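Contents: one structure, followed by commentary.
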Amino acid sequence: MNLHTLKPAKGSIKSKKRIARGQGSGRGGTSTRGHKGQKSRSGYSRKRGFEGGQMPLHMRVPKRGFNSPNRTEYVGLNLARLQAIADKYNETKLDLDTLIKLGIVRKTDKVKILGNGEMTTKLEVSAHAISASAKQAIEALGGSINLI
């Protein structure tokens, strides 16, 4: 076997249909597009969701609610999760940089501390927002909170 004698396997390569190359080709005339109609015209492309003129589903279904463009999305971290992180990584100071380094949140995320779970360690916590119950629980252990 030599590099100059290599060929693809028999039957693996199909020749392309040559459309609109005369009547003798068998694909001349209407060029496989049938007769007349929208789909036979050049430049035709069906719009996404088009249902042949019938009212499309996305327009038939009623719209509900409102999405505020100014909504702030937070990544919620419960006290139990903070305690688990502190135990696992031996941390006493949990700020945004530490959470990013540990892979818990992304650089663009905003963090909110929530009050679900138990705390046993005194922690210095830095976050964008904090719930009242979480603040109370952290301060009860002598920890501190820094809002970014």
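The values are calculated or read from the model by the stated rules, or taken from the named source; none is laboratory data. Predicted, not measured: the structure shown is a model, and the values here were computed from it. Please note: Cβ atoms are built from the backbone with ideal geometry, for glycine as well, and neighbour counts cover all protein chains shown.
In this structure, Gly53 does satisfy being out of contact with any helix residue (DSSP H, G or I) (no Cβ under 9 Å at 6 or more places or on another chain) and at positive phi.
Annotation note: Cβ proximity below 8 Å between a residue of the range 47-61 that is closer than 19 Å to Gly37 by Cα and a residue that is surrounded by 10 or more Cβ atoms within 10 Å (Cβ to Cβ) (sequence gap 6+ or interchain) occurs for Phe50/Pro56. When you scan the range 55-65, do you find a residue that is loosely packed, with under 13 Cβ neighbours inside 10 Å and within 30 Å of Gly143 (Cβ to Cβ), even just one? Within the range 55-65, none of the residues are loosely packed, with under 13 Cβ neighbours inside 10 Å and within 30 Å of Gly143 (Cβ to Cβ). Answer with yes or no whether Gly28 is surrounded by 12 or more Cβ atoms within 10 Å (Cβ to Cβ), out of contact with any helix residue (DSSP H, G or I) (no Cβ under 7 Å at 6 or more places or on another chain), in a strand (DSSP E or B) and modelled with pLDDT of 90 or more. No.
Can you name the strands (runs of 3 or more DSSP E) wholly within the range 73-133 that have at least 1 residues being surrounded by 15 or more Cβ atoms within 10 Å (Cβ to Cβ) and among the small types (Gly, Ala, Ser)?
On the way: elements: 75-78, 111-114, 124-127.
Once the strands (runs of 3 or more DSSP E) in the range 73-133 are filtered for at least 1 residues that are surrounded by 15 or more Cβ atoms within 10 Å (Cβ to Cβ) and among the small types (Gly, Ala, Ser), what remains is 124-127.
Of all residues in the range 2-25, those being part of a loop (DSSP other than H, G, I, E, B) and either in contact with a Pro (Cβ under 9 Å, 6 or more places away or on another chain) or on the phi < 0 side of the Ramachandran plot (or both) number 15. Taking each residue of the range 94-114 that is in contact (Cβ under 8 Å) with a residue 40 or more places away in the chain and more than 15 Å from Thr72 (Cβ to Cβ) and looking for partners that are of a type outside the set (S, T, N, Q) and surrounded by 13 or more Cβ atoms within 10 Å (Cβ to Cβ) with beta-carbon atoms closer than 8 Å, six or more apart or interchain, yields Asp95/Glu124; Asp95/Val125; Leu96/Val105; Leu96/Val111; Leu96/Ala127.
Return yes when Ile130 is touching a helix residue (DSSP H, G or I) at 6+ places or on another chain (Cβ under 7 Å) and more than 14 Å from Ile85 (Cα to Cα) and no when it is not. No, not satisfied. The residue pairs whose first member lies in the range 121-148 and is on the phi < 0 side of the Ramachandran plot and free of Cβ contacts under 8 Å to residues at least 60 places away in the same chain, whose second member is part of a loop (DSSP other than H, G, I, E, B) and of a type in the set (A, V, I, L, M), and whose beta carbons are closer than 6 Å, counting only pairs six or more residues apart or on different chains, are Lys122/Leu141; His128/Ile148; Ala137/Met119; Leu141/Met119; Gly143/Leu123.
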